[in-house]
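Every number in this text was worked out from the coordinates using simple rules, so none of it is lab data. If you're wondering where the values come from, they're calculated on a predicted model, not measured in any experiment. Cβ sites come from the backbone with ideal geometry, for glycine too, and all protein chains shown count toward neighbours.
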2 protein chains.
Amino acid sequence: MLVINQTRHLSRLRQARRLRIQQCGLHYDGRNRVSNFWIPTGGISKKPVDGQKEDANDLLIRGGFLRQAYSGVFHLLPLGLRVQDKLERLIDKHMRSLGASKVSLSSISSQELWEKSGRLNEGSEVFRFNDRKATRFLLAPTHEEEITTLVGGLTTSYKNLPLRVYQITRKYRDEPRPRQGLLRGREFIMKDLYTFDYSIPEALKTYQAVKHAYTQLFDELKIPYLVAAADSGNMGGNLSHEFHFISSKGEDRVVSCSHCDHVYNEELADGKTHHFGESSQSNATPGFQTEEKLDNFAPPTVSTGMWMAFSHDGNTLLRGWYPKFSMQEGFTEPVERHVNSHAVKAIATAAGIDLDLSVENPLEKWVARVQSRSSDQKPRVLDLYDSQVRVYQRPPLSDLLEKANCTSADIEYSMLDRFPDTTNKLSLIRVHDGDKCSHCADGLLTSNPAVELGHTFHLGTRYSEVLQASVSVNSALLEGASPSDVKSSKEQIVPMQMGCHGLGVSRMVSAVANRLVDSKGLNWPRVIAPYEVVVVPGKGLDSVAEQVYDCLTSGASPSVDTLLDDRDKGMGWKLGDADLIGYPVIVVVGNGWKKDQTLEVQCRRLGVKEDMPLDRIPEFVESLLSQL
Amino acid sequence: MLVINQTRHLSRLRQARRLRIQQCGLHYDGRNRVSNFWIPTGGISKKPVDGQKEDANDLLIRGGFLRQAYSGVFHLLPLGLRVQDKLERLIDKHMRSLGASKVSLSSISSQELWEKSGRLNEGSEVFRFNDRKATRFLLAPTHEEEITTLVGGLTTSYKNLPLRVYQITRKYRDEPRPRQGLLRGREFIMKDLYTFDYSIPEALKTYQAVKHAYTQLFDELKIPYLVAAADSGNMGGNLSHEFHFISSKGEDRVVSCSHCDHVYNEELADGKTHHFGESSQSNATPGFQTEEKLDNFAPPTVSTGMWMAFSHDGNTLLRGWYPKFSMQEGFTEPVERHVNSHAVKAIATAAGIDLDLSVENPLEKWVARVQSRSSDQKPRVLDLYDSQVRVYQRPPLSDLLEKANCTSADIEYSMLDRFPDTTNKLSLIRVHDGDKCSHCADGLLTSNPAVELGHTFHLGTRYSEVLQASVSVNSALLEGASPSDVKSSKEQIVPMQMGCHGLGVSRMVSAVANRLVDSKGLNWPRVIAPYEVVVVPGKGLDSVAEQVYDCLTSGASPSVDTLLDDRDKGMGWKLGDADLIGYPVIVVVGNGWKKDQTLEVQCRRLGVKEDMPLDRIPEFVESLLSQL
């Protein structure tokens, strides 16, 4: 209704606050109040019936942090969004310390581009769609293709490097089995950082800087974490680390040593034996070992097990012979061993066989294959022998042949007890707690379920080559000269050395909730708590609560992110709600105030419950928060 | 590689800053430096060749704010993201003043839900996709369905109302013709606020509060804007307002009066005449008027034009008779008039005909229809007569019948000179600058191209009824009692009264750029500028520039968002770049400093260029910024 001109601004701005309060019909005085903040805990804040166990994901829902919209797709409610926003600000801070610039790439990407990089195929878990002109798009689960194209088009010289760009955006994955709330969703928030350097040594500096920033970031959460290596630092390979929380909800297993810094994700097992002091170079000639040659480092095997898998091409049955029960040094009971399918897959891949681990009845599939065999390709059997089991001198095939109703001439048989093209023996089994560390003389290994929250990854030229993201570099620099020493102007065009470094934002919210949950509810580290402190007044004590609020938010000490629970509910209900939601500190304005003007400060995580006068509150609260 | 325990935290944190600087390989000292911030202006910052005119969207690209990824899909680069982030913070501030809580709903919504609300059909401009289980999803362009379902499931009593929730998220639209950069994209950021009340009077209070918050927000941008009404305040109808910038890039046209507060979007024309002082109740009996009865208020028509359109069902040809040239009071030259297709469509709709305005040759289509006619439905012709033209006593059909090779018996003919079911005459034409205002005695109208940036909309129970979002309300409240007077406990279940209130975040970035661009580059209002001030040092003056930076960011006056252009480039190049990017204020550390220790403060928008010593800088810069 108005044509605003500039001269009318100032008086308008002066009127603003008063009008605002009059018009909005809510109690708005600049203080954070629960009554102005949508926390739907009403009907659904009832505890579950006895015997039903709630986990952190249930509490995130009951506490009013989020709601599931569809399987693996969530709406964040105000409390959940505040946690996520604080986490994003924490990430921003540490990305900024890296000199990384923040961008925001489109969620829409083109299938054509992904075909160029070779990442789009039948099995790709991406949502695809066409626009009205039948252009084929997808919802990006990650942005290597887009950022490489973007940076490649804008960067021509090594002088613009290092370049570090990141974003915190929604990502999408057509996950077959969405589960565990935010831990494995189909729409989720991720931070993805992409780095660009002109040489491998420069990229290695960047890699270390990123890894350092990640440890700084995780340190601020003040929750123990593991940094698992994917490779022992061989830059030519896929240098990569993963950041994990140990958690019963975890779908990864991380193995760590009690003595040295050897920490790795079980799925990165390469199928080779690695033993402290063993030099793979000095090994004997490859070949099948007899009983006498059993691995010196291996603990005695009590019984041998057999494990089967089938190949993607439908031709090969793989059998893994492994120690089903074996002894551990220093223990008297044998332990049951399990096959590490990742290790077996790695060996099979090296032997040219692509295993399909999702096949449930490998033997039946293979028998069917034998029965329908044609003349051009014989059905195949490959036996793998773990270094801890005896290699059979003659292939144990009679059972198989009988089942398939064929003879050994009808099939092609082979066996392996060394990793293809190496002298390394095979390791098919998962680590069991108490196994000896293969990296140091003294340590024992533990294997823990863990949630992967971040990774650092050196990509090299995987994307920059195929998408033509190159820079010109002074040749002397590539030969190792330092920039100040460069005299000649001879330049060379090289693809950029890239890194990608992810952090799961949504899953971190869930993982932190899981890590700190207790019988009363959630608990948040200070740095991502929806509010740091909640002030809970009893009836008629609202103005005292406001005093407490003001003294926490505007005193001499640094301002504390405080919330005032001004709802017209009983003290017990409000305290239960505060426990459920997991504010790090609660200040109770109750009977203590009426009696002798004291307030009760509660901190469940530190086991603190202490009465004190108002003037001690800011310092005491800060001292608690600094530990959380 | 590390298992972190809590005791190691503190010493680690102390080492952090030093390590960080050592490791990252960039100049990081906490100051905002262009060298640490990715502004790709290199190759693409060349000016276009002579004669090629750049608009603001070109400058947003050349200045390094954004890049197009696909038609209507954009990547935001760091500068663009900073502008967008500041705009989002501005919106947060004003939403907070409304007591609105921030949520973040999923971008994925289900087709099934949208079918329930009736918003999904053939013509819906939404991207659709299936997941691996063939569940039908869509990328939400807006979230009425989701929020109604969510709030409906969590809110049961009027005591939880008013409820105001908003989000700022990516939205998607399968736009047929994406154009003008961020102004009309297929992936874009919008703020959407949804309001819930238990009665229409309560919803009206909310509506006014939102409208007030919007004016406050637009006032802070300090750019003139228009608030256009869609309806004169009839709450039963679709009460709605639009917030516009006048802009040559605009695809809307907003009509405003020089005298009164009558402002409206031309597309909201309802096809009825509205004249100051006219009472539609006291009009003569409806019927066709003769020459003598021509509208008293209408200016004399010089010649009559005819305009045609065809119906969606392929049966009806609509002809609109309108004043092609007519006089304006006080002017001596006749003006050419144009049909307002929105007005014609509104009349046709009221007459039961759904016009398809995209048909390019209505007459040919209709002739084809006549030729293929069947016996069950006659092809139809509807003539509309603008109040300013003479109604023909006999339908002027001869041309038509000849073309279609049929007789008048083969077709069904009707005509209208009043709006169906009212006594209002028809207005088919667009407003021409200088036309008299229909709301006041004195004003003249202007029609301007405009960009719609926001709207407020009272939805009523459009979604809450069909998606069953209801609350129980004390009956006395519904009858108008104030909450404190309510005695009885009789309750009633009613669907919630909703409002939806949007702000185009992406398009606002583009619209602001368009509004303030000049021959040298962009200009940003202080509140959404990527940085408020850039400090540009000449060679060898870096440490002085750091002093200026520090004095702007950490002096006694409030901290100014400052950037240091520490790139190794000439002063002229850097100043040109600063002009292009549009920082509100530039502080030049150049020859003045070498001569007499003065700095030059530039503000292009205010035409300021002034030399002064360092100690005057903070106050002077603040005085400039407060005007921008």
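Observations on the model:
- Using distinct alpha-carbon pairs, which all enter the 1/r mean, Kirkwood radius of the range A:280-429 in Å: 16.3 Å
- Positive-pole candidate from A:C437, A:Q328, A:A578, dipole of chain A, charges at beta carbon: A:A578
- Relative contact order (%) - criterion: Cα under 8 Å, at least six apart; region: the range B:280-429: 31 percent
- Look at A:R616, A:R337 and count the other Cβ atoms within 10 Å of each Cβ; fewest to most, that gives A:R616, A:R337.
- The protein assembly as shown: antiparallel DSSP beta bridges as a percent of all, rounded to 5: 80 percent
- Estimated 222 nm signal from helices in chain B, with DSSP H stretches of n ≥ 4 weighted -39500 (n - 2.57), rounded to 500: -8000 deg cm²/dmol
- Listed residue pairs exceeding 26 Å between alpha carbons, taken from A:K574/B:K205; A:K116/B:K569; B:K249/B:K569; A:K378/A:K425; A:K345/A:K436; A:K93/A:K222: A:K574/B:K205; A:K116/B:K569; B:K249/B:K569; A:K378/A:K425
- Top positive-direction residue, dipole computed over chain B with Cβ charges, set B:A545, B:L318, B:A56: B:A545
- Under a 5 Å amide H cut-off, with hydrogens placed 1.01 Å from N, B:K171 pairs with B:F188, B:I189, B:M190 among residues at least 5 apart or on other chains.
- Whole-number percent relative contact order across chain A, with pairs defined as alpha carbons under 8 Å at least 6 apart: 16 percent
- The local environment of A:T456, defined by Cβ-Cβ distances under 10 Å, has a net charge of 0 under the rule Lys, Arg +1 and Asp, Glu -1.
- Cβ charges +1 (Lys, Arg) and -1 (Asp, Glu), total dipole of chain A, debye: 2480 debye
- Charge context of B:E112, other residues only, Cβ under 14 angstrom, K/R +1, D/E -1: +1
- Among beta bridges from DSSP that stay inside the range A:280-429, the antiparallel ones total about 55%.
- Calculated over chain B: convex hull of Cα atoms, volume per residue (Å³): 274 Å³
- Integer Hz, Karplus 6.51/-1.76/1.60 couplings in order for the range B:53-63, x for Gly and Pro: 8, 9, 9, 4, 5, 4, 5, 4, 7, 5, x
- A Cβ-based charge dipole, computed about the Cα centre of the range B:280-429 with Lys and Arg at +1 and Asp and Glu at -1, lands at about 160 debye.
- Put simply, the amide H of A:F74, placed in the peptide plane, has neighbours under 5 Å in A:A69, A:E187, leaving out anything fewer than 5 places away on its chain.
- Under a model in which nothing but the beta-carbon of Lys, Arg (+1) and Asp, Glu (-1) is charged, the protein assembly as shown shows a dipole of about 940 debye around its Cα centre.
- Annotation: amide H-H contacts under 5 Å for B:V535 (H modelled 1.01 Å from N, sequence separation of 5 or more, or interchain): B:L563, B:L564, B:D565, B:V587.
- Aspartates and glutamates with Cα under 12 Å of B:K539, excluding same-chain neighbours fewer than 8 positions away: B:D565, B:D566, B:D568
- Normalised by residue count, the protein assembly as shown yields a Cα convex hull volume of 262 Å³ per residue.
- Each residue in B:F325, B:F129, A:F65, B:F310 was given a count of other beta-carbon atoms within 10 angstrom of its own, and listing them fewest first yields B:F325, B:F129, B:F310, A:F65.
- Taking a ≥ b ≥ c as the square roots of the Cα gyration tensor eigenvalues, the range B:391-519 comes out oblate, since a/c reaches at least 1.5 and a/b does not exceed b/c.
- Each residue of the range A:382-389 was assigned a 3J(HN,Hα) from its phi angle through the Karplus expression (A = 6.51, B = -1.76, C = 1.60, θ = phi - 60°), giving 10, 9, 10, 10, 4, 4, 8, 10 Hz with x at Gly and Pro.
- Rounded to whole Hz, the Karplus (6.51, -1.76, 1.60) HN-Hα couplings of the range B:606-613, x for glycine and proline: 9, x, 9, 8, 9, 8, 7, x
- Exposed loop sites here are GluC sites (Glu not before Pro) assigned a DSSP state other than H, G, I, E or B and surrounded by at most 16 other beta carbons within 10 Å; excluding them, the longest clear run of chain A is A:480-628.
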